[in-house]
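Q: My questions all concern the structure below.
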Amino acid sequence: MSSLLKVENLYVSIDDKMILKGVDLEVRQGEIHALMGPNGSGKSTLAYALMGHPKYEIVDGEISIDGVSLNELEPDSRARMGLFLAFQYPVTVPGVKVADFLRHAVTNVRNPNRKEGEGLIPMREFRAELKSRMEELGIEAEFARRYLNDGFSGGEKKRMEILQLAMLRPKFAILDETDSGLDSDAVRFVSEAISRLAGPDMAIIIITHHERLLEFNRPQLTHVMLAGRVVERGEAALAHELHDQGYAGVRLRHPDAAAEEQEAAAALAGKQPVLAK
Amino acid sequence: MATDLKTATEDDIGVGEYQYGFHDSTDKYVFTARKGLDRDIVAQISEMKDEPAWMREFRLSSLETFWKKPLPLWGGELRNLDFQDIHYYVKASLGQERNWDDVPDEIRKTYDRLGIPEAERKYLAGVKAQYESEVVYGSLHEDLAKQGVIFTDTDSAMRDHPDLFREYFGTVIPPADNKFAALNSAVWSGGSFIYVPKGVKIEFPLQAYFRINSENMGQFERTLIIVDEGASVHYVEGCTAPTYSSESLHSAVVEIIVKRGARCRYTTIQNWSSNVYNLVTKRAMAYGDSLMEWVDGNLGSRLTMKYPAIYLMEPGARGETLSIAFAGKGQHQDAGAKMVHCAPNTYSRIISKSISKSGGRASYRGLVKVANGATGCKSNVVCDALLLDSDSRSDTYPYMEIDEDNVVIEHEASVSKISDEQLFYLMSRGMTEAEASSMIVTGFIEPLVKELPMEYAVEMNRLIELQMEGSIG
Ligand SMILES: Nc1ncnc2c1ncn2[C@@H]1O[C@H](COP(=O)(O)OP(=O)(O)OP(=O)(O)O)[C@@H](O)[C@H]1O
Ligand SMILES: [Mg+2]
């Protein structure tokens, strides 16, 4: 049976500031969803909260996979349960080679009951697998020996996220603006790669401001966030409308959320130092 | 009697994962000097070793120097060190063996557990195993011996190669250099003596392994390495001791002469138990176009004070020190390097990486000195510290004495904390918090570890992982 990721009435705060205010979401293994919304509406916050970033406090509500609550689980346990986040801003880890890192990660995720210090998956198998995944993604072989994201260009970092996705084969993958910072050839290439990875065993939640990624990976459902809530859901056509016309229509249809968005922006502006003339 | 593991755990003073904390019975020891330091003890050591008169005099006058020298006021806390509560000379077996089977069982078992015979079979060109005050086992590949390479313990060298020995002994580090050099000069025993003849390049490392076994023991090995013109050698030393609740003292003196066009790399992987004071003086003289490298891995000990020095004596000499320090609970690593540019166009590089966790303290203390007239010198110093928690501490004391204008001196220092974003990123890929921290630390020292031969790189990473285990919280 396919798994179900469920987010119910989720409230999340960062440093005591409430960012998500009652998010509901249901994603089944094998589906493709788009998550859209203007800057600052809470898309990345939702992604981080799902993955379990320690700074993102769940104030209310629940995240679960097949009825098992993730709320109290560390990020590594969530990864072992099949959750994956391709970061909007991937982190650099100097001195840690891509291949060593991935071998460790793959071992842990594929053997969820592995105890610390137990053996890693066999080197030869791993190398062969890594090599073919890298070829498919057009990543030069030398990247396996480079330090994780260290000195990588923006586009290279995004490809590295997709390589990790391809190696870890999660049940639920969240792609946070994987298309940003890529040139148009690269967007196409990455889009195609993702569509090859997608299938009945993987759900993909695509966070994006562009349409390209969605052309190759047509979402069954598009969710639109505004001021920390999902305010609209629709089919692929909704994504298309937003792309063409922007969020004015959404704001009109949801004046309360739009007002909150305004307030938050004003509060933030108030905190900015006043520039001397 | 078998190795007594139980006592090690009982006596454990909180280092948890230190895995070399076991010790053997001392019942069958050949000789143990009474505790304390005075002229009689020094004379007795000299007598037992049947030394020439000049060495006896050297020891006794060094003892006078030791009494006169004050304890250093900088560095670590030394006031708890009681010089009268230490055995200065302990002889566990009758002599040095060439075959592991002839080494007394208990001692051999210890080295088995430390993996030395196995490493010897696999990739070493020669081994010395020092247990307490004396070397108990020694080997050297036959073809190296045929080429005139000498690798022996320092006592034997004095007896068997008296002229060579006397020409160099005490010339790089005179007894009056510092209080602990004076102490070592008075009571030294064991250590390695290496002579590599002109043009002989030794491909595989020579390794010495220093083991302290009994309580309140002082180990004072004395190492002297002479690399003749155009020759090269890589010498590696490892050190461990049992965990006791009272202090042991390790105070070595290492003197190295690297002649023209020669190369010497000296690698230390020190992993003392946390009751050991490790106060070591290491210095090399590097002549024209030679290369001297110190690779210094300092784990364990209560307090380490160690600043390997390189005197760049003639143009074209290069010196490099790579140092890794890991300070855990109750530990203070005060380590660094000294580079003294005595001649023009000499080059030095210092890379130091320190890690402090659970209240440990790591200090970098370094000196770059350029003498007047040493034009065209270059020196580059980089020291990076990583703090694993807010109880831990890191300090940097870089000293520069530059008496020449026409030089290039660079210094960079950084202190970082293990970042939440890195931890989260790695954990989101299935790494536990401990694995993620360990990976970040391993990555932090990787630029240095990759300089080591494979076997030692693996060993270093393994030791770091052991130090990291269970350290999160
Ligand atoms: N660490 C933080 N501390 C305080 N506020 C934060 C923090 N991270 C995010 N926020 C705030 O939370 C809100 C939602 O941010 P989030 O990054 O989730 O938006 P987003 O929808 O991903 O936007 P974008 O499209 O620009 O990536 C914003 O107002 C942002 O300023
Ligand atoms: Mg975002």
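Q: Residues that are open to solvent by 20 Å² or more (accessible area, probe 1.4 Å): list the strands (runs of 3 or more DSSP E) wholly contained in region A:26-97 that include at least 2 such residues. Don't jump to the end; show me each part of the working.
A: Numbers: elements: A:32-36, A:56-65, A:83-86.
By residue number, A:56-65.
Q: OK, next. If you check B:K369 against the conditions, is it closer than 19 Å to B:K338 by Cα, open to solvent by 40 Å² or more (accessible area, probe 1.4 Å) and more than 9 Å from every other protein chain (Cβ to nearest Cβ)?
A: Details: closer than 19 Å to B:K338 by Cα: yes; open to solvent by 40 Å² or more (accessible area, probe 1.4 Å): yes; more than 9 Å from every other protein chain (Cβ to nearest Cβ): yes.
Here the answer is yes, as B:K369 does meet what is asked.
Q: For region A:50-57, state whether one or more residues are without any contact (Cβ under 8 Å) to a residue 24 or more places away in the chain and more than 16 Å from ligand 2 (Cβ to nearest atom).
A: First, pick out the residues of region A:50-57 that are without any contact (Cβ under 8 Å) to a residue 24 or more places away in the chain: A:53-54.
Next, from what is left, pick out any that are more than 16 Å from ligand 2 (Cβ to nearest atom): A:54.
Taking every residue of region A:50-57 in turn, at least one turns out to be without any contact (Cβ under 8 Å) to a residue 24 or more places away in the chain and more than 16 Å from ligand 2 (Cβ to nearest atom).
Q: So, one more: Considering region A:136-159 alone, what residues qualify as being part of a loop (DSSP other than H, G, I, E, B), in contact with a Pro (Cβ under 9 Å, 6 or more places away or on another chain) and open to solvent by less than 20 Å² (accessible area, probe 1.4 Å)?
A: Listed by number, the residues that qualify are A:L148, A:N149, A:F152.
Q: Within region A:249-263, is even one residue among the hydrophobic types (A, V, I, L, M, F, W, C), over 18 Å from the mean Cα position of the chain (by Cα), farther than 30 Å from A:Q29 by Cα and away from ligand 1 (no atom under 16 Å from the Cβ)?
A: yes
Q: Here is a further query. Which ones in region A:82-100 are more than 7 Å from every other protein chain (Cβ to nearest Cβ) and more than 16 Å from the chain's Cα centre (by Cα)?
A: A:T92, A:K97, A:V98, A:A99, A:D100
Q: Looking only at region A:230-255, count every residue that is more than 28 Å from A:S184 (Cβ to Cβ) and away from ligand 2 (no atom under 16 Å from the Cβ) and tell me the total.
A: Initial filter on region A:230-255 (more than 28 Å from A:S184 (Cβ to Cβ)): A:230-233, A:251-255.
After this cut, where a residue has to be away from ligand 2 (no atom under 16 Å from the Cβ) as well, the list is A:231-233, A:251-255.
Residues in region A:230-255 being more than 28 Å from A:S184 (Cβ to Cβ) and away from ligand 2 (no atom under 16 Å from the Cβ): 8 in total.
Q: Any residue in region A:73-81 that is within 16 Å of ligand 2 (Cβ to nearest atom), at pLDDT 95 or above and within 14 Å of chain B (Cβ to nearest Cβ)?
A: From region A:73-81, those within 16 Å of ligand 2 (Cβ to nearest atom) are none; that's our starting set.
No; the residues of region A:73-81 include none that is within 16 Å of ligand 2 (Cβ to nearest atom), at pLDDT 95 or above and within 14 Å of chain B (Cβ to nearest Cβ).
Q: Then there is this: Take B:E465 and tell me if it is without any contact (Cβ under 8 Å) to a residue 40 or more places away in the chain, within 24 Å of the chain's Cα centre (by Cα) and surrounded by fewer than 20 Cβ atoms within 10 Å (Cβ to Cβ).
A: On the way: without any contact (Cβ under 8 Å) to a residue 40 or more places away in the chain: yes; within 24 Å of the chain's Cα centre (by Cα): yes; surrounded by fewer than 20 Cβ atoms within 10 Å (Cβ to Cβ): yes.
Yes.
Q: Test each condition in (1) surrounded by fewer than 15 Cβ atoms within 10 Å (Cβ to Cβ); (2) on the phi > 0 side of the Ramachandran plot for B:E132 and report the one that comes out false.
A: Unmet condition: (1).
Q: Follow-up question, since we're still on this one. Could you please find all residues in region A:180-191 being without any contact (Cβ under 8 Å) to a residue 40 or more places away in the chain, open to solvent by 10 Å² or more (accessible area, probe 1.4 Å) and either within 16 Å of ligand 1 (Cβ to nearest atom) or closer than 17 Å to A:L85 by Cα (or both)?
A: Passing the criteria: A:G181, A:L182.
Q: Give the residues of region A:169-179 that are farther than 15 Å from A:S153 by Cα and either away from every other protein chain (no Cβ under 14 Å) or away from ligand 1 (no atom under 16 Å from the Cβ) (or both), sorted by residue number. I'd like the intermediate steps shown before the answer.
A: From region A:169-179, those farther than 15 Å from A:S153 by Cα are A:169-177; that's our starting set.
Within region A:169-179, A:R169, A:P170, A:K171, A:F172, A:A173, A:E177 qualify.
Q: Quick check: is even one residue across region A:22-43 within 14 Å of chain B (Cβ to nearest Cβ), near ligand 1 (Cβ under 6 Å from one of its atoms) and of a type in the set (S, T, N, Q)? Step through it out loud before you land on a result.
A: The first filter runs over region A:22-43 and keeps only residues within 14 Å of chain B (Cβ to nearest Cβ), leaving none.
No.
Per-residue answers, yes or no, for (1) of a type in the set (F, W, Y); (2) more than 14 Å from every other protein chain (Cβ to nearest Cβ); (3) touching a residue at least 40 places away in the same chain (Cβ under 8 Å); (4) at positive phi:
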site: A:R133; (1), (2), (3), (4): no, yes, no, no
site: A:F143; (1), (2), (3), (4): yes, yes, yes, no
site: A:M167; (1), (2), (3), (4): no, no, yes, no
site: A:A198; (1), (2), (3), (4): no, yes, yes, no
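Q: All but one of (1) open to solvent by less than 60 Å² (accessible area, probe 1.4 Å); (2) closer than 18 Å to B:G336 by Cα; (3) touching a residue at least 60 places away in the same chain (Cβ under 8 Å) hold for B:S379; which doesn't?
A: (3)
Q: Is there a residue in region B:172-184 that is surrounded by fewer than 23 Cβ atoms within 10 Å (Cβ to Cβ), modelled with pLDDT of 90 or more and under 29 Å from B:S245 (Cα atoms)?
A: Among the residues of region B:172-184, at least one is surrounded by fewer than 23 Cβ atoms within 10 Å (Cβ to Cβ), modelled with pLDDT of 90 or more and under 29 Å from B:S245 (Cα atoms), which makes the answer yes.
Q: Looking only at region B:185-198, which residues are open to solvent by less than 10 Å² (accessible area, probe 1.4 Å) and part of a strand (DSSP E or B)?
A: Of region B:185-198, the ones open to solvent by less than 10 Å² (accessible area, probe 1.4 Å) are B:185-194, B:196.
Selection gives B:S192, B:F193, B:I194, B:V196.
Q: Of all residues in region A:147-165, count the ones that are within 12 Å of chain B (Cβ to nearest Cβ), free of Cβ contacts under 8 Å to residues at least 60 places away in the same chain and charged (D, E, K, R).
A: Adding up the residues that qualify gives 1.
Q: Would you list the helices (runs of 4 or more DSSP H) that sit entirely within region B:24-128 and hold 3 or more residues that are over 24 Å from B:D177 (Cα atoms) and in the same structural domain as B:S251 (by TED's automatic domain parsing)? Spell out how you get there, then give the answer.
A: On the way: elements: B:39-48, B:53-68, B:105-113, B:116-123.
Where helices (runs of 4 or more DSSP H) fall fully within region B:24-128 and carry at least 3 residues being over 24 Å from B:D177 (Cα atoms) and in the same structural domain as B:S251 (by TED's automatic domain parsing), they are B:39-48, B:105-113, B:116-123.
Q: Quick one: count up the residues across region A:167-226 that are farther than 14 Å from A:L137 by Cβ, charged (D, E, K, R) and more than 15 Å from the chain's Cα centre (by Cα).
A: 6
The values are calculated or read from the model by the stated rules, or taken from the named source; none is laboratory data. The shown structure was predicted, so the numbers you read here are calculated from the model rather than taken from an experiment. Cβ: placed from backbone, ideal geometry, glycine included. Neighbour counts: every protein chain shown. These area figures cover heavy atoms from the full protein model, side chains too; ligands, DNA and RNA do not enter into them. Shrake-Rupley method; radii C 1.70, N 1.55, O 1.52, S 1.80 Å.
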